[in-house]
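A.B. asks: Once you've had a glance at the structure underneath, I'll fire off some questions.
What follows draws every value from the coordinates through simple rules; no lab data is involved. Model, not experiment: these values are computed from the prediction. Reconstructed Cβ throughout: ideal geometry from the backbone, glycine too, with neighbour counts over all protein chains shown.
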Amino acid sequence: MAASIRRSRISRISESFKIAISEIWRQTPGKAALVLFILLVAMAVIAVVTITPDFLVKWESASYWEDNPVVVPPCWVNSLGYKTAKTAQIYFTTPSSMEVSESETRYIYTYNYTLDVNEAPKDLYVKAEVPLLCEEGVFKAPTMRVTVERPDGIVVLAWDMVIEPGKTGENVTLTCGSLLSAKTSKETFRLAEVTSAIMDKYNITVPPEIAGANETYVITANSIVRTTIRTELENKYLTILSVFVKPISYKISLNRNTTILEVFSKQINNLKTTFLDLGINIVLRDKIIEALDKAANNITWVINNINTVTYTDYLIAMNNAYENLNNVNKLALAASAPVDVRSSVDDLTKTLGKFIEVATTTPSLIQPEIVFDVLQGDYRVNVTITYYGVKKPPRALSAKIGIIVKGGCYGILGTADKGVDIATVVLYGTPIALAIGFATAVASVFIGVIAGIISGYYGGFIDEAIQRTVDVLGNIPLLPILIIVGSVAQRTFTGEAKSLYIILTYIGILIIFGWGGTAITVRAMTLSIKEEPYIEAAKALGASNTRIIFKHILPQVLIYAAAVLVFNVPGAIITEAGLSVLGLRHGWPTWGSVLSSARAENRFDVWWWILPPGLMLSLTSLTFVLLGLAIERIVEPRLRTL
Amino acid sequence: MSEPLLEVKNLKTYFYTLRGIVRAVDDVSFELYRGESLGLAGESGCGKSTLAFSLIRLVPPPGKISGGTVIFEGKDVTKMSEEEFRREVRWRGISMIFQGAMNVLNPVYTIGDQIAEVFMVHKGYSKREGLEEAKKLLQLVGIEPRRVKSYPFELSGGMKQRAVIAMALALSPPLVIADEPTTALDVVVQAQILNLMKRLKNELRTSIMLISHDLSIIAEVADKIAIMYGGKIVEYGPSDLVYNNPRHPYTRALLNSIPRLRGEIRDLTWIPGTPPDLIAPPPGCRFHPRCPHAMERCKKEEPPMVEVDKNHYVACWLYTK
Amino acid sequence: MLHAGYTLSEVMDVSEVQVYKPVLDKQVKLVVNGLKVYFPLRRSFIEALMMKPRLFVKAVDEVSFDVRDGEVFALAGESGCGKTTTGKAVLKLVETTAGSTYYLPSRSIMEDNQYYPLYKKVSEYGHIDLQAVPDKLFKPLRRDIQMIWQDPYGSLNPRRTIFEILSEALEIHDVGATKSEREDIVAKALEEVKLTPASEFMYRYPHMLSGGQRQRVGIARALILKPSFIVADEPVSMLDVSIRAEILQLMMELKKLHGLTYLFITHDLALARYISNRIAVMYLGKIVELGDARRVIENPNHPYTKALVEAIPEPNPERRHVIKEPSIKGEVPSPINVPTGCRFHPRCVALDQHPELEELCKKKEPPLIEIEPGRYVACWLYTKK
């Protein structure tokens, strides 16, 4: 008869759970809390599902993130007006096209990149992993050629290299099909060719009125210009980025400063005066004077024509002066001039010689001023892998080619030092944070509830003991203990699970010092429930203490404990973050570790490095506090009507 | 006989809750003359406490006076501003002894201070003057004046109740409302308190409105009695008439359910069922589901108040044609 | 029983008076003899150091009475007189400081219960010494002695359904092997207390029931294990007046149906007169008067009973014209500091009229003396020659 209204325990629990959720939803803090909570859990689930096991170990090594630009903001800043070059990380597994000829098979990989901002990307390189194809046991290493077609029409041959088997020091046995890898670098970049191409295209030559007529000197002048360009490209554009620049203006001028010439002139005249006073062979002396005069005239000629002299003429004149001085040297020796006089002449000669050398190798006499700027437009990168002597090349080459252009932005949240993708770490930090928070909260509340109930229900000595323990624990300062234990843990734990052990140690300490608060409140609740008439009624029926505790006291305490648990979750998360920032790192990708690396690098200006983990910490705390508030409001009125 | 001291006409006090409108006091009317005492009897949930709070305008939200008038000393106090009511009427004209009154005393102040405060706030007396008045009041209620220095925890339950009565009498109000003033008191102490009230009636001509579920203690004090049920007054009249000749079936049943200390032992009666839900009371006469004499009419129409004897009114279809 | 210096014979003619002594015979269900329940007050550290004597709240201070099988015995008095503590002591819910309780279990306990032979017997009829039963063996007796509680709101766990509350009793004593068996037993119990249809009440929570209905659940809980002795602690005092009689009627019907014996604790003398066979009036931990309920209340002997009866109001409007102060002085003293001799003497109006008894009343505690067959008073007034 009564069986028809039976309701199973499970349906009742799920019913009350549903009611609880709807009650929480009814309040505004509850709504916000539930939304945020679901968001966090979703993030954690996504993270757990997508994480690779080696992430935890590898995430701190630079090589894991090597393809990312370093310390760049997220790409959506472009839409806010802060323009950056985009980052491209293209990985090909199939070639865009294939060309087969008698002796060669070429696999071509093409990528179009558009540069639409006035800032060059930060890096450009190509990574290749190609199989070794061989024919009848014979193989020849394939080559990789990277060309870039620029918007201004220049086709730059950036790299042309052989994909060598094995690395330095390694003894690799080669078999057909084994993978060879190669990566382009600054060192292998063909800067000379790029420079030439640019000079050709933009007609950067020394104008004849500057250069002069002598072919040699013209070539010399141009090579000085070339060197200047190369230096500029190496210094300002990291060599490789020269691919992305063009000259917007250039001026090649001759240094028309006469100061040093006048010094020379004066020195020659001094020599002349010296020699005139010298008592040496008159014939020789006259010849010396003559030579000195000629040298002086050379220089004077340049000085007088400084405004119109060409490079050629300048150098010819200087060379003549040099010759003349050389003669003076010889004549002085023959005339047995005093040593100091002879060394003066020698010095002057050497100085002049140096001057000429400098003038022909460095941009001192010839002064090129080339201003480069970013060339905006569409670029096309072509990577050609060429195999030699393969008769039957496969259509689908099992090679991996990566074309990396490191722009000025990356990802959803940008990158930190070493190119760490902040979005990834923040995402993967979520389940770790939640796990730490929950583990600590659940354990400390669990212990607190047990201790509180035992303390309140049984009283006496055990009550005193537990209360004093809580007093003592409450008076020990938590932070110094954490710091001390953390430092020790960092040094003593080794091995693969080192990070895990360190984190478990932190959690352990937090639990030890955290159960006290709950215990005291639960004790108070137990004391008051114990005095209720229905407890005495149960005793009159013969209920044992165990029964009273588990069936009458515990259900009410658990509701309160749920609220406390939720409130306690953010505490542990923030403590772990704080410890990381203080330097007690454990090695796992938590939000705190991102903040701590920002602090370690002293990069406080990088908002995208600091804000996301900070925001996540705040939001997580907010979620649980709001949730706790909502639960508390539901629980409180019921508690009062008890 | 002059004007009534208190005239309540069609008073309605409703609580506007999420579950619905609780009609705690639903169209209640009665009058009280100076020096007369009225007993308001009813069981839990009949609205008598709400009625008391309405008269002194301390109905807690979400409740409020939703209709009718309360005319006290000729003025409609429901229309007054809170400010005016507080200044003129509350405690000066009408004071109240709350249920569980001994808990009303602040444990950290002496009773002298607490009584003196009434004078300091309402009449601007100094503390010394207030304490003088406090001593006089304590004497009046039967506490030794030197106990003006005592703290509440030093007094017994009965003495605390007397102290609270002293506070209610401080400004000599013509009307004192006492809501279950003797709950939790010993029978002996209860008798002493009731005697005190009788004396106050005689000596000071104070009108007392005594609210209780206990018809016995109302009989000790009240000249008139009103029986409340389900937010309405069902019977109302002089005590002598109502107690000796109760008309309403509820009144009868109530009187018959009290075991008597003296006289013949008769079978006690009881009323089956439960008091009505004040959000959705039964249609017609609210008592009809529990009434042994319920007729068809009772289920549909609310009976009006009719006079069955001199100043004795009943709301029951048995008495209306 | 008397203090040094006086013997009973010096005080009264021994042959004329009979001091009350409860007798164990076949009709007697419960005997309480010399029961003392003292609650120790915690001493502060200093007081313990100074070895000050411990203070006690003497809640029950040597109480003796007997309850006959099938009767309603009222234990009456004002709050703080010790009546509730006495009731709880019978159920062994509080620790007894001294004295004994002898109880005659029901037939089914005597015959079927495996623990019964283990209990110490104190009479040929099978009375057992409850205080001597060790805690672990007491549980089966709880099926036979049960309690109805005063507070219908507090005595039911608000978070459990009615079924769970009643089924708890069954679970504790392993009655009903399956849930559906227990449901049947609970349903029958609910029907017995007129909460029908039982299915409507079984799965409700206490706050969905009225006060009267809750108290019925309390009664059902007390009866579900089929006891033979019930301690009812003010079972109707927290209910509306108009439904009290219904509950009392129910209790009386059930008593008849199951052959129950009630120890009825109340402060309402009018109610006690109405419902009980015999009554014991308590004051400050002692019984001052004991006898047939009607006679004690209609014709009280002890000055305290007299004062109490006078002070009780009646629904008689004539009384408002009469101001009669109750014939009692002062206030109830604290049970920590019980007055010497007759504990009522500081308040006794009769003492003022009989100054010759002053010395006796102040020094000696009067025993319960039979003044008529079946009527006992503890007052020196009734020992005058």
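A.B. asks: Could you state the number of Å between the C-alpha centres of the range B:165-238 and the range A:532-611?
C.D. replies: 56 Å
A.B. asks: From the gyration tensor of the Cα coordinates in the range C:164-279, what semi-axes in whole Å does the equivalent ellipsoid have, largest first, with each one equal to sqrt(5λ)?
C.D. replies: On the way: eigenvalues 133, 55, 25 Å².
In descending order, the three semi-axes are 26, 17, 11 Å.
A.B. asks: Using modelled amide H (1.01 Å from N, peptide plane; none on Pro or chain starts), what sits under 5 Å from the amide H of residue B:97, excluding residues fewer than 5 places away?
C.D. replies: B:177, B:178, B:179
A.B. asks: Shifting gears a bit: Rg(Cα) of the range A:340-410 divided by 2.2 N^0.38 Å? Intermediate values should be presented prior to the final figure.
C.D. replies: On the way: Rg = 27.7 Å, N = 71, 2.2 N^0.38 = 11.1 Å.
Against the empirical 2.2 N^0.38 Å value, I get 2.49 for the range A:340-410.
A.B. asks: A follow-up question, please. Among B:75/B:232; A:183/A:418; C:92/C:120, which pairs are too far apart, with a Cα-Cα distance over 20 Å? It would help to have the intermediate numbers written out before the result.
C.D. replies: Working: B:75/B:232 24 Å; A:183/A:418 18 Å; C:92/C:120 16 Å.
In this structure, B:75/B:232 exceed 20 Å between Cα atoms.
A.B. asks: As an exercise, find the ratio Rg/Rh for the range A:553-605 from alpha-carbon atoms, using the Kirkwood inverse-distance average for Rh.
C.D. replies: Values: Rg = 16.5 Å, Rh = 12.9 Å.
The Rg/Rh ratio comes out at 1.29.
A.B. asks: Is the shape of the range C:69-202 best called rounded, prolate or oblate, per the rule: a/c under 1.5 gives rounded, else a/b larger than b/c gives prolate, else oblate, with a ≥ b ≥ c the square roots of the Cα gyration tensor eigenvalues? Write down the numbers at each step before the final one.
C.D. replies: Values: a/c = 2.09, a/b = 1.35, b/c = 1.55.
Verdict is oblate for the range C:69-202.
A.B. asks: Going Cα to Cα from residue A:236, which aspartates and glutamates come in below 19 Å? Please leave out same-chain ones fewer than 8 positions away.
C.D. replies: Qualifying aspartates and glutamates at Cα under 19 Å: A:119, A:123, A:187, A:193, A:369, A:373.
A.B. asks: I've got another one for you. Compute the projected area of the convex hull of the Cα atoms of the range C:159-226, averaged over all viewing directions, and report it in nm² to one decimal place. If you can, show how the numbers build up before the last one.
C.D. replies: Numbers: hull surface 16.1 nm².
It is 4.0 nm².
A.B. asks: Provide the per-residue ³J(HN,Hα) series for the range C:105-110, in order, calculated from phi with Karplus coefficients 6.51, -1.76, 1.60 and θ = phi - 60°, each as a whole number of Hz, with x at glycine and proline positions.
C.D. replies: x, 5, 4, 5, 5, 5
A.B. asks: Placing +1 at every Lys and Arg Cβ and -1 at every Asp and Glu Cβ, with all other atoms neutral, what dipole size does the protein assembly as shown have around its Cα centre, in debye to the nearest 20?
C.D. replies: On the way: 151 positive and 142 negative charges, 500 e Å.
The calculated dipole for the protein assembly as shown is roughly 2400 debye.
A.B. asks: Can you give the extra length, in nm with one decimal, that the chain gains between residue A:209 and residue A:281 once fully stretched, where that is 0.36 nm per residue apart less the Cα-Cα distance?
C.D. replies: Numbers: separation 72, 0.36 × 72 = 25.92 nm, distance 4.51 nm.
Here the answer is 21.4 nm.
A.B. asks: Shape call for chain B from the C-alpha gyration tensor, a ≥ b ≥ c root eigenvalues: rounded (a/c under 1.5), prolate (a/b greater than b/c) or oblate? Numbers along the way, then the final one.
C.D. replies: Numbers: a/c = 1.98, a/b = 1.55, b/c = 1.28.
Judged from the Cα gyration tensor, chain B comes out prolate (a/c at least 1.5, a/b above b/c).
A.B. asks: Moving to a separate point now. Please list, in order along the range B:25-30, the HN-Hα scalar couplings obtained from phi with the Karplus expression 6.51 cos²θ - 1.76 cosθ + 1.60 (θ = phi - 60°), rounded to whole Hz, x for Gly and Pro.
C.D. replies: Along the range B:25-30, the couplings run 10, 10, 6, 10, 9, 6 Hz.
A.B. asks: So if I place +1 on the C-beta of Lys and Arg and -1 on the C-beta of Asp and Glu, and nothing else carries charge, what would the dipole magnitude of the range A:259-364 be about its Cα centre? I want it in debye, nearest 20.
C.D. replies: Magnitude of the dipole: close to 100 debye.
A.B. asks: Shifting gears a bit: With 10 angstrom as the radius, rank A:421, A:116, B:267 by how many other C-beta atoms surround their C-beta, starting from the fewest.
C.D. replies: B:267, A:116, A:421
A.B. asks: Taking the Cβ of each residue in A:462, A:24, C:275 as the centre, tally the other Cβ atoms inside 10 Å and list the residues starting with the fewest. If you can, show how the numbers build up before the last one.
C.D. replies: Working: A:462 13, A:24 21, C:275 24.
Placing the least packed residue first, the sequence is A:462, A:24, C:275.
A.B. asks: For the range B:159-308, just list the percent of Cα-Cα distances falling in each 5 Å bin from zero outward, please.
C.D. replies: 2, 8, 15, 18, 17, 15, 11, 9, 4, 1, 0
A.B. asks: Here's something else I'd like to know. Could you work out Rg/(2.2 N^0.38 Å) for the protein assembly as shown, with Rg from alpha carbons only? Before the final figure, lay out each step's value.
C.D. replies: Numbers: Rg = 53.4 Å, N = 1348, 2.2 N^0.38 = 34.0 Å.
My calculation over the Cα atoms of the protein assembly as shown gives 1.57.
A.B. asks: By how many nm would the segment from residue A:469 to residue A:494 lengthen if fully extended, with 0.36 nm per residue of separation less the alpha-carbon distance? Mind dumping the intermediate values first?
C.D. replies: On the way: separation 25, 0.36 × 25 = 9.00 nm, distance 3.30 nm.
Contour length minus Cα-Cα distance gives 5.7 nm.
A.B. asks: So what's the gap between the Cα centers of the range B:33-84 and the range A:252-275, to the nearest angstrom?
C.D. replies: Centre-to-centre (Cα) distance: 119 Å.
A.B. asks: Quick one: P(r) of the range A:514-639 from all Cα-Cα pairs, 5 Å bins, percents rounded to integers, in order of increasing distance.
C.D. replies: For the range A:514-639, the pair-distance distribution reads 2, 10, 14, 14, 12, 10, 9, 8, 7, 5, 4, 3, 1, 1, 0.
A.B. asks: Which three extents, in angstrom, do the Cα atoms of chain C have along their principal axes, listed largest first?
C.D. replies: 71, 58, 52
A.B. asks: To the nearest 0.05, what FRET efficiency results for residue A:512 and residue A:17 with a Förster distance of 30 Å applied to their C-beta separation?
C.D. replies: Details: r = 31 Å, r/R0 = 1.05.
My answer for the efficiency is 0.45.
A.B. asks: Taking the alpha-carbon centroid of each part, what is the distance from the range C:363-385 to the range A:423-458 in angstrom?
C.D. replies: 69 Å
A.B. asks: Also: So what is the 222 nm mean residue ellipticity for chain B from helices alone, if each DSSP H run of at least 4 adds -39500 (n - 2.57) and you divide by all residues, rounding to the nearest 500 deg cm²/dmol?
C.D. replies: Numbers: 9 runs with 93 residues, N = 321.
After summing the helix terms and dividing by the residues of chain B, the value is -8500 deg cm²/dmol.
A.B. asks: Right, another one. Please list the non-local residues whose amide H lies under 5 Å from the amide H of residue C:18, H modeled 1.01 Å from N, same-chain partners needing a gap of 5 or more.
C.D. replies: HN-HN under 5 Å from residue C:18: C:370.
A.B. asks: Taking other Cβ within 10 Å of each residue's Cβ, how do A:539, C:324, C:362 sort, fewest first? List each step's numbers first, then the result.
C.D. replies: Details: A:539 18, C:324 11, C:362 14.
Going from least to most buried by this count: C:324, C:362, A:539.
A.B. asks: In the range B:124-165, if every C-alpha pair distance is counted and binned at 5 Å from zero, what percent goes to each bin?
C.D. replies: Computed distribution, short to long bins: 6, 24, 33, 22, 11, 4, 0.
A.B. asks: Now a separate question. With a sphere of radius 14 Å drawn around the Cβ of residue C:294, what net charge do the other residues whose Cβ falls strictly inside it have (Lys, Arg +1; Asp, Glu -1)?
C.D. replies: Working: positive: B:260, B:262, B:266, C:273, C:278, C:295, C:375; negative: B:264, C:71, C:289, C:292, C:298, C:372.
Charge balance in the 14 Å sphere: +1.
A.B. asks: If amide H atoms are built 1.01 Å from N in the plane of the peptide, which residues on other chains or at least 5 residues away come under 5 Å of the amide H of residue B:313?
C.D. replies: B:236, B:237, B:308
A.B. asks: If you plug each phi of the range C:33-46 into the Karplus form 6.51 cos²θ - 1.76 cosθ + 1.60 with θ = phi - 60°, what whole-Hz ³J(HN,Hα) values come out, in order, with x for Gly and Pro?
C.D. replies: 10, x, 6, 10, 10, 10, 9, x, 8, 5, 8, 6, 4, 4
A.B. asks: Continuing with the same structure: Please state the shape class of chain A: rounded when a/c is under 1.5, otherwise prolate if a/b exceeds b/c and oblate if not, all from the C-alpha gyration tensor. Present the calculation step by step, with values, prior to reporting the outcome.
C.D. replies: On the way: a/c = 3.63, a/b = 2.45, b/c = 1.49.
Here chain A falls in the prolate category.
A.B. asks: Hey, which of these cross-link pairs are over 30 Å Cα-Cα: C:83/C:255; C:36/C:188; B:9/B:299; C:26/C:306; C:26/C:58?
C.D. replies: Numbers: C:83/C:255 22 Å; C:36/C:188 39 Å; B:9/B:299 25 Å; C:26/C:306 34 Å; C:26/C:58 32 Å.
Distance filter (> 30 Å) returns C:36/C:188; C:26/C:306; C:26/C:58.
A.B. asks: Please work out the FRET efficiency for the pair residue C:50 and residue B:156, using the Cβ-Cβ distance as r and a Förster radius of 22 Å; give the result to the nearest 0.05. Provide the component values of the computation, followed by the final result.
C.D. replies: On the way: r = 30 Å, r/R0 = 1.35.
For R0 = 22 Å, the calculated efficiency reads 0.15.
A.B. asks: What does the charge add up to near residue B:139, with Lys and Arg as +1, Asp and Glu as -1, over the other residues with Cβ less than 15 Å from its Cβ?
C.D. replies: Details: positive: B:135, B:136, B:146, B:147, B:149, B:162, B:199; negative: B:132, B:133, B:144, B:203.
Summing Lys and Arg as +1 and Asp and Glu as -1 gives +3.
A.B. asks: What are the radius of gyration and Dmax of the range A:259-364, computed over its Cα atoms and given in Å?
C.D. replies: When restricted to the Cα atoms of the range A:259-364, Rg and Dmax are 13.7, 43 Å.
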